[in-house]
Amino acid sequence: MIDQQMSLRGGAARLPVRPRTGRLLVLAAVFVCAACGLVYELELVALASYLIGDSVTQASVVLSVMVFAMGIGSLLAKRLRCRAAVGFGMIEAALALIGGSSALVLYASFAWLGDSQYALVGFSLAIGVLIGAEIPLLMTLIQRVDRQDAGGAVADLFAADYVGALVGGLAFPFLLLPMLGQLTGALFTGAVNAAAGGALVLWVFRRDLSARSRWLLVLANVSVIAVLATATVLVDDFERAARRAVYGDQVRVAVQTGVQEVVLTGADRDSLGLYLDGRLRVSARDEYRYHEALVHPAMNGPRARVLILGGGDGLAAREVLRYADVRAVTVVELDPAVTRLARTDPALSELNGHAFRDPRLTVVGADAFPWLRADHGRYDVVVSDLPDPGITASTKLYSAEFYGLVAEALAPDGRLVVHAGPLGARPQTFWTVEASVRAGGLATRPYRVTGRYAGFAASPDRGGGEGRGQEDWGFLLAAPGEAPQAALAAGGPEPRSLRGRELREGARAAAEARLPGLLPSTLVHPRYWEDA
């Protein structure tokens, strides 16, 4: 009881080092633990955005739940102040295990259960509680190491904590993610966390620990590091098994680029599937209907210069290049890995008709928004073949400001065509895109096309769910001045599956389904998640 009272009152610890050195070691542990804590947080946000989509919502869930849980952890830590050293050591071991394995478990729940939202909330809560318990215990420990006023101790602790968070926040995107990937990066971070917490307690405060407490901490930290090391060794096998669960047994290519995860499935062009960040973007069984419906109506008129925004798979370019009077095609694709695969993968390059070998085609690796702000001349046709507007990273590419830039890039008699998402399943999103195009200064003509696998172009579902919850593709044909008509180009090549009558019926069906009064989406007020 006397020892506990001395500990709570800041009694001096029996240290193997001088007090000033001990204080620096405690602050170093604060620095490392803060860096690890922020990496866990960023791992959860990044992986949840990839698996679930809508990064704004996922970041809000993780941050709000974690901050709330940190408050709970701080309150619970008051009960451990009488045994601050062993309490801190056990908390760091638990945090290392839970935080280090969080990405692995989150991905597993997505792959085999189909839903990772509950796991995301659970890990955010658990990690937040453990992080929140750190500071009160560290405050007790640093006061025992080097007696100073409470204000000075708090200032030192928070300075080390904030600098550690800065280093962790920068290390995640620039070191851990590109070098180790999300799963191995989280496991490595957990091992560093366990080593730092265990070393501080077992060395600096070892004389304050009973023999039983020392062995308990040694066993806990060795077990945690062993589990994380074993998981690191097996992580490649786990990823392959998880990919099979998500994409099926015919995964041929799986690449984590600096932008997204790119996966190709299928043995040949007839069974090919292209997945970007877990979403099926191309299904060879029905992609031609989508790309014919996207490209051909816009080609009715002058078409010497064509701009394709997105479309790194080369399939929209394939349709454009079927017109002999097209002189130049520019493809602006953010991820060069996609265009590289479209050039080199035998099945995908065969599916796109080896479009990238055509001397008329030029590929630009850039974000379409800033690229359009520069003057590249005027285009007769602009094809917007971009990810679904409901995906937060693409929201700016469906804003009124973006369509204003497109309008400036169009020739006076030019046309823009936009894939605006499924009209049947997400009408509010579709008509918000239409309102945004009009706000950019263009007149619009909406139309829809049904397809057997109509969900492939921007499915928000898991990899195996082609067309799940979707019945159609929705498009907008737009132009300066009067609205253009959705019709096949006169004198152009004959599409495989579409006829002018089908497009005219699709235009009538879209007009009848109009939702009036929707506001455009802008950079400062994005609106697409409202229909998620």
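The values are calculated or read from the model by the stated rules, or taken from the named source; none is laboratory data. In this text the structure is predicted, and so the values were computed from the model without any measurement. Cβ sites come from the backbone with ideal geometry, for glycine too, and all protein chains shown count toward neighbours. Surface areas here come from the heavy atoms of the whole protein model, side chains and all, with no ligands, DNA or RNA. Shrake-Rupley method; radii C 1.70, N 1.55, O 1.52, S 1.80 Å.
Go through segment 474-512 residue by residue and tally those that are touching a residue at least 12 places away in the same chain (Cβ under 8 Å), more than 22 Å from Arg318 (Cα to Cα) and not in a loop (DSSP other than H, G, I, E, B).
Here the count works out to 7.
Taking the options Val45, Val61, Val65, Val86, name whichever one is at pLDDT 95 or above and either open to solvent by 10 Å² or more (accessible area, probe 1.4 Å) or assigned to a helix (DSSP H, G or I) (or both).
Selected residue: Val65, the only one of Val45, Val61, Val65, Val86 that is at pLDDT 95 or above and either open to solvent by 10 Å² or more (accessible area, probe 1.4 Å) or assigned to a helix (DSSP H, G or I) (or both).
Does segment 388-401 include one or more residues that are over 24 Å from the mean Cα position of the chain (by Cα) and buried (at least 18 other Cβ atoms within 10 Å of the Cβ)?
Checking segment 388-401: not a single residue is over 24 Å from the mean Cα position of the chain (by Cα) and buried (at least 18 other Cβ atoms within 10 Å of the Cβ).
Residues being modelled with pLDDT of 85 or more and surrounded by 14 or more Cβ atoms within 10 Å (Cβ to Cβ): count how many of those fall in segment 485-513.
Residues in segment 485-513 being modelled with pLDDT of 85 or more and surrounded by 14 or more Cβ atoms within 10 Å (Cβ to Cβ): 9 in total.
Can you tell me which of (1) touching a residue at least 12 places away in the same chain (Cβ under 8 Å); (2) out of contact with any Asp or Glu (no Cβ under 6 Å at 6 or more places or on another chain) is the one Leu423 doesn't meet?
(2)
Which of the residues that make up segment 421-445 are within 17 Å of Trp473 (Cα to Cα), open to solvent by less than 10 Å² (accessible area, probe 1.4 Å) and more than 24 Å from the chain's Cα centre (by Cα)?
Leu423, Trp431, Glu434
Of the conditions (1) in a helix (DSSP H, G or I); (2) crowded, with 24+ Cβ neighbours inside 10 Å; (3) touching a strand residue (DSSP E or B) at 6+ places or on another chain (Cβ under 7 Å); (4) not hydroxyl-bearing (Ser, Thr, Tyr), Arg289 satisfies every one except a single condition; which number is it?
(2)
Can you report the number of residues in segment 211-240 which are in contact (Cβ under 8 Å) with a residue 12 or more places away in the chain and hydrophobic (A, V, I, L, M, F, W, C)?
Number satisfying all stated conditions: 12.
Kindly list, by first and then second residue, each pair from a residue in segment 15-27 that is more than 16 Å from Leu209 (Cβ to Cβ) and aromatic (Phe, Trp, Tyr) to a residue that is at pLDDT below 80 and surrounded by 15 or more Cβ atoms within 10 Å (Cβ to Cβ), limited to pairs with Cβ atoms under 9 Å and residues at least 6 apart or on different chains.
Qualifying pairs under 9 Å: none.
Filter segment 326-338 for residues that are within 21 Å of the chain's Cα centre (by Cα) and open to solvent by 10 Å² or more (accessible area, probe 1.4 Å); which is nearest to Ala298 (Cα to Cα)?
Per the criteria, the residue is Glu333.
Given the conditions (1) in contact with a Pro (Cβ under 6 Å, 6 or more places away or on another chain); (2) buried (at least 23 other Cβ atoms within 10 Å of the Cβ), report the number of the one that Asp380 does not fulfil.
(2)
Could you check, for segment 233-240, whether at least one of its residues is closer than 24 Å to Val406 by Cα and either among the aliphatic types (A, V, I, L, M) or out of contact with any Ser or Thr (no Cβ under 9 Å at 6 or more places or on another chain) (or both)?
Among the residues of segment 233-240, not one is closer than 24 Å to Val406 by Cα and either among the aliphatic types (A, V, I, L, M) or out of contact with any Ser or Thr (no Cβ under 9 Å at 6 or more places or on another chain) (or both), which makes the answer no.
Looking at segment 340-350, which of its residues are touching a helix residue (DSSP H, G or I) at 6+ places or on another chain (Cβ under 7 Å), under 18 Å from Gly365 (Cα atoms) and not charged (D, E, K, R)?
The answer is Leu341, Ala342.
Could you list, in sequence order, the residues of segment 210-224 that are farther than 13 Å from Ala195 by Cβ and in contact with a Leu (Cβ under 7 Å, 6 or more places away or on another chain)?
Passing the criteria: only Arg214.
From the set of residues in segment 193-210 that are out of contact with any Gly (no Cβ under 9 Å at 6 or more places or on another chain) and either touching a residue at least 24 places away in the same chain (Cβ under 8 Å) or within 15 Å of Thr21 (Cα to Cα) (or both), which is surrounded by the fewest Cβ atoms within 10 Å (Cβ to Cβ)?
Here the answer is Arg207.
Please count how many residues of segment 99-141 are open to solvent by 30 Å² or more (accessible area, probe 1.4 Å) and among the charged types (D, E, K, R).
Counting residues in segment 99-141 that are open to solvent by 30 Å² or more (accessible area, probe 1.4 Å) and among the charged types (D, E, K, R) gives 1.
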